[in-house]
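Novice: This structure is in structure tokens; I'll ask about it shortly.
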Amino acid sequence: MRSLSLLSLVVVLLIVAVLVKKQLGAVQAVAPAASVASDTVAVPSVSTPQQARQLPQQVQTDVNSMMQNRSDQLDQELERKQP
């Protein structure tokens, strides 16, 4: 009886290992595409105190825009991959 439970445990662990390997392979295939930035980052210049106060808001707006663009790109890639 113990050998049957041990064998069952080994089979379950093999199935989990195969699923994990499959999932990691899918994540690694998407990761290089995600690391390529399509937008260029411009370094803002600050010469007045007013510009210094506006800079955090400008950076936040730029980051939100880039994240939205990337989200749209990922959605398009997922739609292409679905049958």
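Novice: With labels modelled as points extended 7 Å from the Cα through the Cβ direction, what inter-label distance (nm, one decimal) is found for ARG2 paired with LYS22?
Specialist: 3.4
Novice: Same structure, new question: Quick one: Debye curve from the C-alpha atoms of region 41-83, no solvent, what's log10 I(q)/I(0) at q = 0.20, 0.30 Å⁻¹?
Specialist: -0.68, -0.99
Novice: In addition: Along region 4-12, what does the Karplus equation 6.51 cos²θ - 1.76 cosθ + 1.60 (θ = phi - 60°) give for ³J(HN,Hα), rounded to whole Hz, x for Gly and Pro?
Specialist: 5, 5, 5, 5, 4, 4, 5, 4, 4
Quick note: the coordinates plus some simple rules give every number you see, no bench work behind them. For clarity, every value in this text was computed on a predicted model and none was experimentally measured. Positions of Cβ are backbone-derived with ideal geometry, glycine not excepted, and every protein chain shown enters the neighbour counts.
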